[in-house]
1. Is it true that Phe184 is buried (at least 22 other Cβ atoms within 10 Å of the Cβ), within 24 Å of the chain's Cα centre (by Cα), among the hydrophobic types (A, V, I, L, M, F, W, C) and more than 17 Å from Lys20 (Cβ to Cβ)?
2. Considering only region 245-274, state which residues are in contact with a helix residue (DSSP H, G or I) (Cβ under 8 Å, 6 or more places away or on another chain) and either in a loop (DSSP other than H, G, I, E, B) or surrounded by fewer than 17 Cβ atoms within 10 Å (Cβ to Cβ) (or both).
3. Can you tell me which residue in region 6-38 is farthest from Pro159 (Cα to Cα), limited to those that are among the aromatic types (Phe, Trp, Tyr) and assigned to a loop (DSSP other than H, G, I, E, B)?
4. Within region 142-155, count every residue that is open to solvent by 60 Å² or more (accessible area, probe 1.4 Å), in a loop (DSSP other than H, G, I, E, B) and not hydrophobic (A, V, I, L, M, F, W, C).
5. Within region 211-229, can one find any residue that is more than 30 Å from Ala95 (Cβ to Cβ), at pLDDT below 95, touching a Pro at 6+ places or on another chain (Cβ under 9 Å) and surrounded by 16 or more Cβ atoms within 10 Å (Cβ to Cβ)?
6. Condition first: in contact with a helix residue (DSSP H, G or I) (Cβ under 9 Å, 6 or more places away or on another chain) and in a helix (DSSP H, G or I). Now tell me which residues in region 99-122 satisfy that.
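The values are calculated or read from the model by the stated rules, or taken from the named source; none is laboratory data. Remember, predicted model here, so these are calculated numbers, not experimental data. Every residue, glycine as well, gets a Cβ built from its backbone with ideal geometry; the counts of neighbours run over all protein chains shown. These area figures cover heavy atoms from the full protein model, side chains too; ligands, DNA and RNA do not enter into them. Shrake-Rupley method; radii C 1.70, N 1.55, O 1.52, S 1.80 Å.
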Amino acid sequence: MKKEQVVNCQFSVWYPIFKKHTIKSLILPLPQNVIDYLLDDGTLVVSGSDHNSQQPHTNITTSDAEEDVQWSDDETTTTVTAPEFPEFTSQVLEAINALGGRVFPKLNWSAPRDANWIALNSSLQCHSLSDIFLLFKSSDFITHDLTQPFLQCSDQDSPDPVINYELVLRKWSELIPVGEFRCFVKENKLIAISQRDYTQYYQHILKQEEQICQAIQEFFNQHIQYNFLDEDFVFDVYRDSQGRVWLIDVNPFGEVTDSLLFSWEELKSGGEITQQQEGPAFRYTTSEVTVQPSPCLSYRIPRDFVDISTGEDAYKLMDFLKLKKSQQDDSDEEENTPQ
């Protein structure tokens with residue numbers, strides 16, 4: 001994966017090419033002071049001037065008159081002034097209204113999918129700049145976009161391309177996970193299709209395997225093949241209830257992109273996946289037995305908890321069981337001790 005391939009997968013690069021086949025979106029340049037705010041590790045402080053925000057005010061109180069935030073402890077009282085981005089706020093609200101009042105936000109490459117746990121109703125649906133800031137400042141995916149977009153590129157010795165960061169606002173659409181698929185293209189050939197939400201079992205996919213695969217292949221042949229800037233890339237699609245296929249996103253062909261039900265070793269080999277069939281290899285969760293925890297779970301709670309719950313680290317599980325046994329023994333001793 002080269003840096004040029006990463007650059008070509010920016011939303012503002014591929015959207016004009018495939019605009020007719022994807023969700024309506026608007027792109028706004030991201031001011032440097034907003035970028036600095038997103039990268040600030042301090043407490044999230046949102047200005048009261050963003051009147052359309054629907055986020056509840058928890059742990060933080062804002063003053064409508066002074067737009068200050070205050071909290072105190074036994075030793076000091078601190079006043080933090082909420083950041084103001086009046087021009088950018090106006091542009092964002094205008095764009096949101098133009099898209100129907102509800103949007104799905106992302107940057108040049110990533111959406112804050114790892115931060116939906118912090119949002120109202122665990123949704124990425126946003127009505128205001130405050131909603132967007134809450135998600136962006138809570139997302140490792142967004143931080144990666146802003147700080148290390150070329151981290152896993154093979155040409156590390158070459159200078160990093162200059163990136164003009166952008167806020168992408170997509171018209172909100174209710175996408176049912178059963179209709180989402182990730183497609184892998186090598187040398188302009190569709191070699192593999194994976195169920196996007198592979199942690200769940202959907203009987204619908206099992207019943208319509210042939211129709212789904214055929215619809216995606218036809219969409220690729222008619223609208224995607226030879227039209228993108230690279231011959232190796234990954235694209236996400238959505239097949240709606242009418243059977244129409246929509247382009248959702250384009251990603252680099254490399255480890256920075258989740259390979260889902262495939263491995264990057266077999267994807268890069270290309271021919272080995274498709275040698276036993278004419279069309280692309282199609283993988284999906286085939287039974288409820290193989291259902292797995294969401295990969296975004298690790299962003300909500302400490303990693304040790306995830307390892308224990310999934311059984312990925314046997315030693316942590318053993319330590320946890322020993323701890324529970326020790327606690328139980330201590331409890332039994334206390335009960336047996338004469339009062």
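1. yes
2. Selection gives Phe253, Gly254, Glu255, Val256, Asp258, Ser259, Phe262, Glu266, Glu272.
3. Of everything passing the filter in region 6-38, Phe18 is farthest from Pro159 (Cα to Cα).
4. 3
5. The answer is no, given that none of the residues of region 211-229 is more than 30 Å from Ala95 (Cβ to Cβ), at pLDDT below 95, touching a Pro at 6+ places or on another chain (Cβ under 9 Å) and surrounded by 16 or more Cβ atoms within 10 Å (Cβ to Cβ).
6. Selection gives Arg113, Asp114, Ala115, Asn116, Trp117, Ile118, Leu120, Ser122.
Each row is one residue, and each column tells you yes or no for (1) free of Cβ contacts under 8 Å to residues at least 12 places away in the same chain; (2) in a loop (DSSP other than H, G, I, E, B); (3) loosely packed, with under 15 Cβ neighbours inside 10 Å; (4) within 19 Å of the chain's Cα centre (by Cα).
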{"residue": "Leu124", "(1), (2), (3), (4)": "no, yes, no, yes"}
{"residue": "Asp157", "(1), (2), (3), (4)": "yes, yes, yes, no"}
{"residue": "Val162", "(1), (2), (3), (4)": "yes, yes, yes, no"}
{"residue": "Glu174", "(1), (2), (3), (4)": "yes, yes, yes, yes"}
{"residue": "Leu190", "(1), (2), (3), (4)": "no, no, no, no"}
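So that you can scan it fast, the table gives a plain yes or no per residue for (1) at pLDDT below 95; (2) touching a helix residue (DSSP H, G or I) at 6+ places or on another chain (Cβ under 7 Å); (3) assigned by the TED database to the domain that holds Trp246:
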position	(1), (2), (3)
Met1	yes, no, no
Cys9	no, no, no
Pro31	no, yes, no
Ser47	yes, no, no
Asp50	yes, yes, no
Gln54	yes, yes, no
